[in-house]
Amino acid sequence: MLAMLAASEADARERKVLVMGDSLSAAYGLRPEQGWVALADAKSTRYAFRNASISGETSAGGRSRIDAELARVQPDIVIIELGANDGLRGLPLVQMGANLGWMIGASRKAGAQVLLVGLQLPPNFGRYAVDFQRSYLLISQRLGTGLIPHFLAPLGTERKWFQGDNLHPVAAAQPLLADQVLAALDELPAR
């Protein structure tokens, strides 16, 4: 009975949101219900989230999976939070941009709006880190998507917000990320 009630409540929400992400959206090191996607889904009366995020995912992996996820979920909005693993491996930014652009195009073809989530690399990556972060802005401007310029910005550099690896946010940080995403979704143009 509770499952049926939850399903009908999710169906009553206005817009289905598909999240294509990596470990930052897959609740790495946490229980799934502690992650920002589950928290945003629980908090929102407007959006119903479907999480297709996989820890370790690259933009190429997202590109290879997006058609099946679009067919499965039939979303109104697609959140693309990918690229960090490309950057940490030093993959060519042109390749990452092509993959993200392809995913944006596939999402649009399926009738969905897109929110691109920008990421940042540690400063020891030098010029590559600067170009990496800037690439999200350029892709968003060129393809007309919504944009969160730097996903982890609400956390700053305070150690208390990060797990021992200093890369993945702790459970206490997840509500800040959920609130940021919900605000960005609300800023997308009405359809």
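A few comments on the model shown:
- Residues that are of a type in the set (S, T, N, Q), within 24 Å of Ser135 (Cβ to Cβ), at pLDDT 95 or above and touching an Asp or Glu at 6+ places or on another chain (Cβ under 6 Å) are absent from the stretch 35-53.
- Flag for Ile139 being touching a strand residue (DSSP E or B) at 6+ places or on another chain (Cβ under 8 Å), closer than 25 Å to Gly35 by Cα and either part of a helix (DSSP H, G or I) or without any contact (Cβ under 8 Å) to a residue 12 or more places away in the chain (or both): no
- Criterion: at pLDDT below 95, of a type outside the set (Val, Ile, Thr) and either surrounded by 15 or more Cβ atoms within 10 Å (Cβ to Cβ) or in contact with a Phe, Trp or Tyr (Cβ under 8 Å, 6 or more places away or on another chain) (or both) - qualifying residue of Leu177, Leu167, Leu188: Leu167
- Among the criteria (1) closer than 22 Å to Leu188 by Cα; (2) in contact with a helix residue (DSSP H, G or I) (Cβ under 7 Å, 6 or more places away or on another chain); (3) buried (at least 22 other Cβ atoms within 10 Å of the Cβ); (4) among the charged types (D, E, K, R), the one Glu81 does not fulfil is (2).
- Where helices (runs of 4 or more DSSP H) sit wholly within the stretch 47-130, those with at least 2 residues that are acidic (Asp, Glu) occupy 59-73.
- Ser59 vs. criteria under 28 Å from Ala38 (Cβ atoms), surrounded by fewer than 22 Cβ atoms within 10 Å (Cβ to Cβ) and polar (S, T, N, Q): no
- Residue list for the stretch 32-48, filter: closer than 24 Å to His168 by Cα, without any contact (Cβ under 8 Å) to a residue 40 or more places away in the chain and surrounded by fewer than 19 Cβ atoms within 10 Å (Cβ to Cβ): Pro32, Glu33, Ala38, Ala42
- Ala27 vs. criteria modelled with pLDDT of 95 or more and assigned to a helix (DSSP H, G or I): no
- Of residues in the stretch 9-24 being of a type outside the set (Asp, Glu) and part of a helix (DSSP H, G or I), the one nearest to Phe151 (Cα to Cα): Ala10
- Asn51 meets the conditions (1) over 16 Å from the mean Cα position of the chain (by Cα); (2) surrounded by 15 or more Cβ atoms within 10 Å (Cβ to Cβ) in every case but one. The failed one is (1).
- Restricting attention to the stretch 37-46, the residues that are assigned to a helix (DSSP H, G or I) and either in contact with a Ser or Thr (Cβ under 7 Å, 6 or more places away or on another chain) or β-branched (Val, Ile, Thr) (or both) add up to 1.
- Of all residues in the stretch 129-149, those that are out of contact with any helix residue (DSSP H, G or I) (no Cβ under 7 Å at 6 or more places or on another chain) and surrounded by 15 or more Cβ atoms within 10 Å (Cβ to Cβ) total 3.
The values are calculated or read from the model by the stated rules, or taken from the named source; none is laboratory data. In this text, all values refer to a predicted model and were calculated from it rather than measured experimentally. As a convention, Cβ positions derive from the backbone with ideal geometry for all residues, glycine included, and neighbour counts pool all protein chains shown.
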